[in-house]
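Have a look at the structure below before the remarks.
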Amino acid sequence: MTALSIVGISGSLTNPSRTTVLVDAILKAVAERSGHKTKLLKLSDSAPALFAATSPADVGKDARQFLDLIEGADLLVVGTPVYRASYTGALKHVFDLVDHRRFGSKPVALAATGGSPLHGLVIEHQLRPLFGFLNALTLPTAVYATEGDFSNYAIGSSAIHERIERVANEALIQLTRHSRPASPDAVSPPKAVVA
Ligand SMILES: Cc1cc2nc3c(=O)[nH]c(=O)nc-3n(C[C@H](O)[C@H](O)[C@H](O)COP(=O)(O)O)c2cc1C
């Protein structure tokens with residue numbers, strides 16, 4: 001089996017973080033199904049290195065490694081806390097620095113946490129359009145969890161666990177498509193043309 005790169009990014013700047021817990025839970029569900037290893041990137045660790053760059057030309061070594069993992073991922077899991085009715089500025093900065101040409105048809109699972117259930121649509125109205133700009137393939141199911149869905153930074157809601165299962169199943173479909181060898185018909189001319 002070809003190794004695929006499955007990368008999660010948590011846009012939270014705090015540690016511990018509910019968002020990081022949620023992204024990690026999605027990564028684990030995908031790993032269980034696919035057998036592939038996963039990598040979790042945290043802006044609480046990497047934001048200083050990323051903010052040292054104001055353009056892609058300024059990016060230092062640590063920030064470059066971070067961006068390379070995101071650009072090279074076969075599947076991305078992107079989570080953010082809701083800050084002021086949007087994703088975090090730190091997460092936006094990452095996607096201002098990446099090479100937008102590396103995201104075409106990349107499967108992306110979306111997740112967010114917030115204090116209020118009223119801000120769940122931040123995923124649909126802000127996060128999904130960002131990945132639309134990048135021509136990424138966002139998975140249909142997104143996961144939004146509120147503070148009440150966690151107990152001491154553990155997910156305590158069965159509804160959230162169910163949505164994690166759903167998004168992991170959707171991710172697996174995309175990964176399976178990605179790793180499937182091209183059918184001979186896809187690379188050879190149709191028989192009628194050869195004859
Ligand atoms: C600066 C700031 C702004 C916030 N703005 C909102 C908001 O507009 N809507 C909301 O539902 N929650 C808001 N929250 C609450 C966080 O989204 C919520 O606590 C989230 O789960 C924190 O995630 P974390 O534990 O991963 O950092 C805000 C929190 C902070 C620190």
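Of the residues making up the stretch 123-174, those that are farther than 22 Å from Arg101 by Cα and among the charged types (D, E, K, R) are Glu124, Glu147, Asp149, Glu162, Arg163, Glu165, Arg166, Glu170. The residues of the stretch 28-43 that are of a type in the set (Ser, Thr, Tyr) and within 20 Å of Phe66 (Cα to Cα) amount to a single one, Thr38. Exactly one residue among Gly120, Gly132 is touching a Ser or Thr at 6+ places or on another chain (Cβ under 9 Å), away from the ligand (no atom under 12 Å from the Cβ) and not hydroxyl-bearing (Ser, Thr, Tyr), and that residue is Gly132. None of Val82, Val98, Val94 is more than 10 Å from the ligand (Cβ to nearest atom) and under 17 Å from Leu13 (Cα atoms) except Val94. Within the stretch 136-158, restricting attention to residues that are more than 17 Å from Leu91 (Cβ to Cβ), touching a helix residue (DSSP H, G or I) at 6+ places or on another chain (Cβ under 9 Å) and in a strand (DSSP E or B), the residue that is farthest from the ligand (Cβ to nearest atom) is Leu137.
Pro16 falls short on exactly one of the conditions (1) within 25 Å of Ala168 (Cα to Cα); (2) more than 16 Å from the chain's Cα centre (by Cα); (3) away from the ligand (no atom under 16 Å from the Cβ), and that condition is (3).
The set of residues in the stretch 68-94 that are hydrophobic (A, V, I, L, M, F, W, C), free of Cβ contacts under 8 Å to residues at least 60 places away in the same chain and either under 13 Å from Leu41 (Cβ atoms) or surrounded by fewer than 21 Cβ atoms within 10 Å (Cβ to Cβ) (or both) contains only Ala85. For His161, state whether it is at pLDDT 95 or above, touching a helix residue (DSSP H, G or I) at 6+ places or on another chain (Cβ under 9 Å) and not β-branched (Val, Ile, Thr). Answer is yes for this residue.
Somewhere in the stretch 126-135, is a residue at positive phi, in contact with a Phe, Trp or Tyr (Cβ under 8 Å, 6 or more places away or on another chain), modelled with pLDDT of 95 or more and in a loop (DSSP other than H, G, I, E, B)? Among the residues of the stretch 126-135, at least one is at positive phi, in contact with a Phe, Trp or Tyr (Cβ under 8 Å, 6 or more places away or on another chain), modelled with pLDDT of 95 or more and in a loop (DSSP other than H, G, I, E, B), which makes the answer yes.
The values are calculated or read from the model by the stated rules, or taken from the named source; none is laboratory data. Keep in mind that what you see is a predicted model, and the values were worked out from it rather than measured. Glycine gets a Cβ as well: all are built from the backbone with ideal geometry, and neighbour counts include every protein chain shown.
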